[in-house]
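Heads up, the thing below is written out as structure tokens.
Computed from the coordinates by the stated procedures, all read-outs in this text should not be read as laboratory data. Note that the structure is a prediction, hence the values are computed from the model and not measured. Please note: Cβ atoms are built from the backbone with ideal geometry, for glycine as well, and neighbour counts cover all protein chains shown.
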Amino acid sequence: MAKAALAEAAMGGDPAARKTEERQAGTFAELAAEYIERHAKRNKRSWKEDERRIRKNLLPLFGPRPAKKVSRADLRRLLEDIIRRPAPMEANQTHALVRKIYNWAIAQDLVERSPCRGLPRPSKTRQRHHVLTEDDIRKFWDALVYESAVVAGALKLRLLTAQRGGETMTMRWIDVDLRAGWWTIPGERTKNGLPHRVPLTDLMIEILRRLESSDSIWVFPSPTCAGHLRTTQKAIERIRRRAGIELRGHDLRRTAASFMTSMGTPRLVVAKILNHVETGVTAVYDRHSYDREKRDALDAWSIRLGKILGASRLL
């Protein structure tokens with residue numbers, strides 16, 4: 001093999017370049033599959049979302065094409081088509097995913113360039129600030145009567161605890177201590193990878209107790225499979241139409257945080273409830289758990305919510 005390589009070099013060939021070429025990915029579909037198996041599944045809890053976006057947005061156009069032949073112009077046309085759906089944020093996410101795929105592939109010597117190079121994000125990201133008013137909260141809560149107990153419970157807990165939708169829907173009974181009043185979210189299911197303790201108020205505990213008859217390990221089991229509830233998006237769309245309010249899932253978390261700060265809860269305590277990542281010297285030296293402060297804040301928010309809704313509406 002060494003003699004053959006030396007002979008090829010003597011004739012003007014480049015064995016190293018040929019070897020690199022042989023290692024390079026074939027079609028875009030093959031490259032995307034390698035990215036999912038070798039990188040996304042190992043490093044991203046949201047790898048299924050990458051897989052969905054690849055299947056829906058990228059494979060129809062780029063699937064059979066050689067990965068190294070996907071050009072910047074090709075990608076720009078694809079992103080412009082997504083924007084025209086209209087889905088500008090989906091276009092941004094697709095752009096970011098293609099960049100990740102090709103940056104990973106370049107590091108693995110599978111391709112030599114990225115079609116994202118020199119191509120800016122297709123749409124400006126607009127930060128959403130919508131918070132439900134007291135009247136919106138009443139309409140939202142009343143509309144939950146028409147949803148299943150599992151969906152209604154999950155959405156109520158999202159508003160009461162200010163936790164993320166994915167963390168709420170993956171709540172397990174083993175993570176909940178109803179007697180002591182704590183919900184512990186394991187690090188593998190939190191956004192920052194750190195375990196998070198959420199105080200459970202009396203109202204939260206009562207909502208959970210009404211779901212205890214389930215035989216599932218999940219507090220919010222899926223109605224269609226053996227796992228947990230996967231999404232509440234369709235329910236939120238129904239509630240939005242039924243209640244006549246503007247509503248997205250993350251608005252529930254934002255609303256709870258906004259009400260707590262308006263009631264005088266320090267922003268640091270709200271950040272602890274939201275499980276936001278701290279940086280700087282404070283993050284290194286402040287080892288206080290803030291359990292008491294978090295409980296006081298969520299107790300106050302539950303009482304405020306009870307006053308907004310009225311006792312007859314709470315459960």
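Points worth noting:
- Output for the stretch 216-266, where each listed residue is polar (S, T, N, Q), outside any loop (DSSP other than H, G, I, E, B), surrounded by 13 or more Cβ atoms within 10 Å (Cβ to Cβ) and without any contact (Cβ under 8 Å) to a residue 60 or more places away in the chain: THR261
- Of the residues making up the stretch 114-140, just one is under 27 Å from LYS307 (Cα atoms), outside any helix (DSSP H, G or I) and free of Cβ contacts under 8 Å to residues at least 40 places away in the same chain, namely THR133.
- Being under 30 Å from HIS39 (Cα atoms) and either touching a residue at least 24 places away in the same chain (Cβ under 8 Å) or part of a loop (DSSP other than H, G, I, E, B) (or both) holds for only one residue in ALA154, ALA96, ALA143, and it is ALA96.
- Qualifying residue in the stretch 181-197 (condition: among the polar types (S, T, N, Q), surrounded by 13 or more Cβ atoms within 10 Å (Cβ to Cβ), out of contact with any Lys or Arg (no Cβ under 7 Å at 6 or more places or on another chain) and over 27 Å from ASN43 (Cβ atoms)): no
- Matching residues in the stretch 157-194 - criterion: being under 16 Å from ASP291 (Cβ atoms), in contact (Cβ under 8 Å) with a residue 60 or more places away in the chain and out of contact with any Pro (no Cβ under 9 Å at 6 or more places or on another chain): ALA162, GLN163, LEU194
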